[in-house]
Amino acid sequence: MAFQLKEDADVMESFTRSTASWETHAVQITFIKEHVNDLYKQEMKLKDARANASPWQKIAIDRIMPYLDELGGYTSAVIEHINASPRKLNTPEYKDYLEANVDYSGDLAAMISDFVKYGKNKERFEYLNDKLELPVSR
């Protein structure tokens, strides 16, 4: 979900370098809003599972929410701008909102990817540690 959000944010930001209509902007921000809402729902499921999570998983869960809050805020700002000034989509302020969505969605996707890699590597390490019957090292 985070990677799809990043891709859609990149596409929307690219509209600032084209003659895309305000309707095109409106459709694209709707996709982004849906992705952010889907991630909020997923984050709520993660919070529910937090009590049974490992320490590193708890850290991952805790780090997701600030990104979603920022993305939600900038997405709302884009929607408000389109609704208020659909013919003025080349303003510096509007472009800043779109760039912020690209930055936050990219950072969120990278962070989630890093945590997933960490989890897989940690699991692999623990498997090999047990298989080789090595003393636990921390």
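The values are calculated or read from the model by the stated rules, or taken from the named source; none is laboratory data. None of the values given here were measured: they were computed from a predicted structure. Please note: Cβ atoms are built from the backbone with ideal geometry, for glycine as well, and neighbour counts cover all protein chains shown.
Provide a single number: the residues in the range 19-38 that are in contact with a helix residue (DSSP H, G or I) (Cβ under 6 Å, 6 or more places away or on another chain), surrounded by 16 or more Cβ atoms within 10 Å (Cβ to Cβ) and among the aliphatic types (A, V, I, L, M). So the answer is 3. Out of the residues in the range 1-31 that are polar (S, T, N, Q) and assigned to a loop (DSSP other than H, G, I, E, B), which is modelled with the highest pLDDT? Per the criteria, the residue is Ser21.
Listed by first and then second residue, the pairs linking a residue in the range 62-86 that is free of Cβ contacts under 8 Å to residues at least 60 places away in the same chain and assigned to a helix (DSSP H, G or I) to a residue that is surrounded by fewer than 14 Cβ atoms within 10 Å (Cβ to Cβ) and among the aliphatic types (A, V, I, L, M), with Cβ atoms under 8 Å apart and 6 or more places separating them unless they lie on different chains, form an empty list. Pairing each residue of the range 1-16 that is under 14 Å from Val27 (Cα atoms) with any residue that is part of a helix (DSSP H, G or I) and aromatic (Phe, Trp, Tyr), provided the two are 6+ apart or on different chains, yields C-beta distances under 6 Å for Asp8/Phe31. For the range 87-126, taking the residues that are within 25 Å of Ile64 (Cα to Cα), hydrophobic (A, V, I, L, M, F, W, C) and in contact (Cβ under 8 Å) with a residue 40 or more places away in the chain, the one that is surrounded by the most Cβ atoms within 10 Å (Cβ to Cβ) is identified as Leu98. Consider Val36 carefully, then state whether it is part of a helix (DSSP H, G or I), of a type in the set (A, V, I, L, M, F, W, C) and at pLDDT below 95. Yes, satisfied.
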